Structures are given as C-alpha cells and as structure tokens.
1. Given axes a ≥ b ≥ c from the Cα gyration tensor, I'd like to know whether the stretch 149-261 is rounded (a/c under 1.5), prolate (a/b larger than b/c) or oblate.
2. For the pair residue 399 and residue 272, what calculated FRET efficiency results from E = 1/(1 + (r/R0)^6), where r is the Cβ-Cβ distance and R0 = 45 Å, to the nearest 0.05?
3. Please list 74-85, 53-64, 272-283 highest first by mean number of surrounding beta-carbon atoms within 10 Å per residue.
4. How would you rank 94-101, 165-172, 214-221, highest first, on the average number of other Cβ atoms within 10 Å across their residues?
5. Rounded, prolate or oblate: pick one for the stretch 266-383, where a ≥ b ≥ c are the square roots of the eigenvalues of its C-alpha gyration tensor, a/c under 1.5 means rounded, and failing that, prolate if a/b is larger than b/c, else oblate.
6. Find the relative contact order for the chain and round it to a whole percent, using C-alpha pairs within less than 8 Å whose residues are 6+ positions apart.
7. Between 311, 420, 366, where does the largest GNM mean-square fluctuation fall for the chain, given springs only between Cα atoms within less than 10 Å?
8. Suppose the chain between residue 441 and residue 83 were pulled fully straight at 0.36 nm per residue; how much longer would it get relative to their current alpha carbon spacing?
C-alpha cells in the first residue's frame, strides 16, 4: 500500500508545552493516600492521583512501570509524571469534531501517539503523529493515503509497546474509512480488509509483534461488529468477524483490546448476549462471557494484561458514569476501589474509579477517569510499594519472619491481604516474594 510522505505543518513543528489544560490548584486535585488498614499498609501502601477536575479528560495509557502516562482532554493531548505533572502538547489536535484516536505510549515512556495538522499540497489536515517526550519534538506523522474526511486523514487508536506498529482508522477516497497498521520498519501502511463491501473498519489495538489486530467491521444491518485481523505468511491481514459461537450465531460488539501475546481479544457487551456482559475470545476457545455482572447494563472491556488473565472493565451503559472493575481469571469481577484497598490505598470519600482505561505491563499502574463530588478527573492508581513500605511484613512488626510466613500459609489459596503480588490468590509467587524480603524491613 502506497503512503504519502511529507513533513509536519509549520505550526506542528513548533513545540510549546504548558500545564494550562488543568487549571485547578494541584494541591486540591492530588491524592497520594496511604492506607490505614493494619495488615495491608505495610505491605504495599499504594497511591491514587487525581490529575484535575476537567470534563472529558482521560488518562489512556502508561509506560511499563507506570511512571509516564499519556492522556487527552478537549484542548490537547498530554503526558503526566509525578515530577512534571500534566504537560500539554500544544499544536496537537485532540479527538472530537471529526478527529479520532487515543493517546498511546511506549513501554519505556519515551514516545506517544497524538494527532497534528500535517501539510499535504498546501492543505493541512489531522494525521496520526508520534511525539518524542525525551527530545520534546514531534518525530513524524505515520503517513496517509492522501485523502481526508472533514479535518482528518487518519488517527492512531493503538500502538505496540515499542512504537514499531501503530494502528487506527485512515480515510480513503469518498470519505470511506478503513482500519490500518503502520509498520515503522518498512514505513508502509496495510489496510484492514472489510468482510462487507464498502463497509468501514477500524483497528483499535495490536499485539506486541504486530500480527493480531482487534477492532470493528460494520455490516449491512448494524455497526461495530467485533473483528480480528491476523497477519498471514504473505504479510496481509485476514479478517474474521466474531460471534458468540452458537448454532444460530450473534455477532459480538466491538473488540477494543488484544493481549500482548496476541492470544486474547476482549470487547464490549451486547444486550442480547449474556445480559450485556463484557467478553474475551481466542481462536482456541471462541467466545467467553466474563460472567454475570455485578452492575446491570451493557459492560465493556477497555484493557488487559499481556496474557489476558486480567481485564479492565466498565459496567453499566453510561461510560464515565458507570462502575470500574478488574476481572481476574479464576476470581471474577473486583471493584477497582476494593482492588486498590488490597494494595493499601484508601479511597477519598465519594470517589469512584468509573472508567479504567489501561493497565501497565508490570500490572501495577491502572489509569482512567474517576468521578466524584468534583465531577470527573483523570486518575493514576499506582500500586507499587512506596518508600518505607515492607513487602512481606504481614503483621507490621518491622521485619519479615516466621510469623509472616505463618500468616501467608494460613491464607494459602485465598484472596486476602497476603496476596502480595495482587494476582487474586495467595500462591507460590507470593511465597517467593516474602522469602526474598526475609529479615528486617529497610
């Protein structure tokens, strides 16, 4: 597929950064709350950060260790760290008013996706662009087919952890839309084929190696049917529309995410299938409902870990007004507030982590949008142990000893505060971490 190469518009080449997207006083919008719970606080003592009471603002993705977070609001794309707080990417074009896309970030936190105005033959339109946080410049736009619809030529909706593949939606002739994958190694774009003549597709997420793509394909009777594209030996992507696998099949709703290993897809529920529950799918198992929802309505899957055993969900139809959960294989749905408490985080009164959007590669940072008395705010839930905490000190006596080992063994196989790594059950991994911390706490 031929792509059109050109430089960014003069406006996009100029890089200015401000914090003005989040005008509220930082002290009023930041929470770094350690737990007071007896057993949990000394083990983890995580932190919750509310970035600012800004409507339609979302923390979408994070680096592997959660230290750098990419997001967007109605004014611009931005990134966040504890040291810099929110840094806006001026000249970026945020989603809305004909522009699509999500901010994604590499595992090392150096490169993120956004949209900028790109000049092509004297006409500037929005295109998917890579921004380098370290060099403070827009590296390049990923290219286009030379067509636009309204203000957009293409937008990035997903990226693999090294920025070697970017996927999204690209405009073709006649304002038609197609999913695409850009390969940085060859600087080429592959289109995600449609199963239904002239019906649009979109690529929402891509596996780490770029071979499996999750997204949607409209058909003649509806829109956003779940679709997976798998790269074949010739390098082309082959489409498969997903169903619930019954003798009289019903198509699944939009596939939003794919696990890093490319095995699992997950997506939004459909009211006619298992009460609207979120789902996951693999070629080996077919469709699997995530189970009866603790909140009625249509739920959606928004992110998952590398092997598909943990899936972030919003339950209830109204996205940011819904309820945030993490689904853990073998355990089921856990409200994010309860999950945070297991890592020593005490939630501010009235705050709900309503829309989780990403889980870091180390599984210890969750981002999204929260709601509370202030309205809505992007959030960063950091589940890493804080300075001074002592992993394995389950009785909070200042050292890891046989007493802590006895507590852990007594909780074996259960979901309790002895679950040091937060995988939903006390097992050998927790035992290994406890033994590794044996002795006086630092």
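Here, each number is a calculation from the coordinates, and none is a lab measurement. In this text the structure is predicted, and so the values were computed from the model without any measurement. Every residue, glycine among them, receives a Cβ derived from its backbone with ideal geometry; neighbour counts consider all protein chains shown.
1. oblate
2. The pair residue 272/residue 399 has a calculated efficiency of 0.20.
3. Going by the mean number of other Cβ atoms within 10 Å, highest first, we get 53-64, 272-283, 74-85.
4. 165-172, 214-221, 94-101
5. oblate
6. 15 percent
7. Sorting by GNM fluctuation, first place goes to 420.
8. Stretched out fully, the residue 441 to residue 83 stretch lengthens by 126.2 nm.
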